[in-house]
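Beneath this line is the structure, given in structure tokens, with notes to follow.
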Amino acid sequence: MSSNSKKIPNIKCNVCHKKINKEQIIDKDFIEIKQYWGYFTSRDQQFLHCIICEECWDRIEEYIETLGGKVDKYRYDMLSGEILGTEKSEIEKVKKQNAKHKNR
Ligand SMILES: [Zn+2]
């Protein structure tokens with residue numbers, strides 16, 4: 001076995017059981033939830049792991065909204081991982097930049 005050969009893990013969506021393909025793994029096109037529940041919780045020292053594909057996540061996000069909740073979303077820089085701002089503020093920034101160009 002070559003040490004240079006990077007093995008792509010065989011992972012599936014925990015909701016629809018579809019295989020997460022190589023491109024989806026590279027593009028981070030899925031959600032991974034990992035949780036180590038604490039000592040005095042009702043899930044006492046339970047480790048939870050869940051993979052969710054983008055399609056299933058869309059449904060889960062909609063479900064959260066039907067419960068009155070909201071998922072916080074931000075734009076980030078893929079290279080540095082730096083958080084750039086909320087989706088809303090990023091959209092406003094782009095609108096302002098576009099307006100400046102139009103006025104020239
Ligand atoms: Zn799925």
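Bear in mind these aren't lab numbers, they're just calculated from the coordinates by the rules spelled out. What you see is a predicted model; the values in this text were computed from it and never measured. Because the Cβ atoms are built from the backbone with ideal geometry, glycine has one as well, and the counts that use them run over all protein chains shown.
Observations, loosely collected:
- Restraint check, Lys28/Lys88; Lys34/Lys73; Lys19/Lys70; Lys28/Lys73; Lys73/Lys95; Lys18/Lys95, Cα-Cα greater than 26 Å: Lys19/Lys70; Lys18/Lys95
- The chain: angle of helix 87-102 to the longest principal axis, Cα-based, in degrees nearest 10: 30
- Cβ-based exposure ranking for Val15, Val94, in which fewest neighbours within 10 Å come first: Val94, Val15
- Taking every alpha-carbon pair in the chain and binning the separations at 10 Å intervals from zero gives 11, 24, 34, 19, 8, 2, 0 percent.
- The value of relative contact order for the chain, using C-alpha pairs under 8 Å at least six residues apart, is 16 percent.
- When the charge dipole of the chain is built from unit charges on Cβ atoms (+1 for Lys and Arg, -1 for Asp and Glu) and taken about the Cα centre, the candidate among Ile26, Asn98, Val15 whose Cα reaches farthest toward its positive end is Asn98.
- In terms of other Cβ atoms within 10 Å, Trp57, Trp37 run from fewest to most in the order Trp37, Trp57.
- Top of Glu82, Glu65, Glu54 by mean-square fluctuation, Gaussian network on the chain, Cα under 10 Å: Glu82
- Net charge dipole, the chain: roughly 440 debye, given to the nearest 20, about the Cα centre with Cβ charges of +1 for Lys and Arg and -1 for Asp and Glu.
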